[in-house]
Every structure is written in C-alpha cells, then in structure tokens.
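The values are calculated or read from the model by the stated rules, or taken from the named source; none is laboratory data. Only a predicted model underlies this, so the values are computations on that prediction, with no experimental measurement involved. When we count neighbours, we look across all protein chains shown, and the Cβ atoms used for this are built from the backbone with ideal geometry, even at glycine. For accessibility, only protein heavy atoms count, side chains too; no ligands or nucleic acids. Shrake-Rupley method; radii C 1.70, N 1.55, O 1.52, S 1.80 Å.
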Amino acid sequence: MRIVFVVIYLVVEILLLVTTRRRRGFYSLICPCVVLVWWLSLKPVDDANWRQDVARRAWAEIDGDKVTIHNLRNCDYRSEVEYTNCWTDRTFSLSELRGTDFFFINWGVRWIGHPIVSFDFGNNQHLAFSIEARYRPGQAYSAILGFFRQYELIFIAADERDVIRLRTNYRKNEEVYMYRTSAPADIARKFFLTYLAATAGMSSQFCCPKQVWMKPRNWLIGFETKWGSQRLRWENKGYGSLSA
C-alpha cells in the first residue's frame, strides 16, 4: 500500500511539472491530499520481523513489595550491531529503591537529544527505561522518516549496563550526560510505578521524531538535580570493574 501511494505521488508531481499553468493549482492541492491519505492509512503493528534488540515488549508483575520485570533487556555487546543473550526476567524490591538518575544523549545537534531514566535499587542494580524506535532488520533511524510513520515505538526496560554502555562505549558520535537527582525514595517509587503503568499501557504506536527538542532541564523529570550534568564513559560512572 505504501508503494502505491508513493507511485501516485510521483505521478502527480510529474504532471505538475509538465502541465499547463492553469492546472498547476489543481495539482498543487492534489499532492498534499495524496500524502495525507497515505499518511493516515498507515497503521502500527506489533507482530513483525523485528530486530533482535527490540523484539520483545517489557511487562511487569507486582506482588506486594516485589516487582518482576519480564523481557528486561541486557544484551552482551561485542559491537553496536553484534550482541547476544538480550532478554531476561528480573525481580526488584520497591523498598530498596534509592533514587533516580536522568540521562540525556546527544549526537551533535545542539537542540536534539534522547532521554533515559534509570532507577537505583542498590547493589549495582539499575533499571533504566528508554522509549525507542522499533526497527526491522536493515532499518536505521531517520528524523525525516519518523515524521512519516515509518517506525513503531517500543518502551524498553533494560539494565543500565545495556542502554547506557551501548551509547557510551559502542556507538560513535554520541555523548551521554547524567543528571543525578535529589528525589527522595518515596517520590522515586511513585515515579517508578508511573513508568510501569506507562509500559503496560503502551500498545502499538508510531514513532514520530523521538528527540527532545530542548536542553535537559529539571522540570523534564520533576526532580531537582544535585549537581550539573556529567559527561560519561561507562567506567566513569562509579561501578568499579564494569567497564568495556
């Protein structure tokens, strides 16, 4: 269906170039209408041949103080595109939630970035959430294609060693900044449960451009930061031997 509308659009554009001046106004109205009809006809899907690192949706079970995250991502990376053993289940205790970190990722354009929120459960247990484009094999991200509903969204729940180390140690030209918050544990727990609810409530959706068009500010997460941003490489985050 997408190919059909692309062909129709190209035909109309050619007619617009070769037709008489009187008809150009008519074709000028037709072209945007063709694009709009095509755009509205696109529907997100959940069952597709997804790339392995976005193949599964996270979901959670809550039993009193215990929260079990199913399909938590924790890939063993050899490079940005080479990885194995991506999926696991993990149980956390709400009473052990200590705080929240906010990460902001930039790839060279000053006013564009990607946010990640990470929850600290102590004992080197950091659970991060990242809303990302859901790629099929061979796809790569494009902000322009994002406007035209070419990517579905997925809510990734991951070990911080996955989503942060991937960006600090394996991807090129990405800068990662951490904002450690001063949110008390009770507020952090409420925020964490809000993320779980959002994860459960996210059905198939299209990815519009997923960037945040602003510099990171305290109000993005509603927490006051303890100190300014710190540019990271994984070994600098304070996890001892956990460096690539």
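Things worth noting here:
- Exposure check, 1.4 Å probe, all protein chains in place: His126 carries approximately 10 Å² of accessible surface.
- Segment Glu80-Ser182, extension gain: residue separation times 0.36 nm, minus the distance between their alpha carbons: 33.5 nm
- Where labels lie 7 Å past Cα in the beta-carbon direction, separation of Glu96 and Glu61 in nm: 1.8
- Dimensions of region 59-129 from C-alpha coordinates, computed as largest minus smallest value along each principal axis and given longest first, are 44, 28, 22 Å.
- Loop-located chymotrypsin sites (Phe, Trp or Tyr not before Pro) in region 41-120 (DSSP state not H, G, I, E or B) with no more than 15 neighbouring Cβ atoms inside 10 Å: Trp107, Trp111.
- Nitroxide proxy distance, nm - points 7 Å out along Cα→Cβ at Ala200 and Ala48: 2.7
- Point-to-point label distance, Leu193-Gln125, nm (Cα→Cβ direction, 7 Å offset): 1.8
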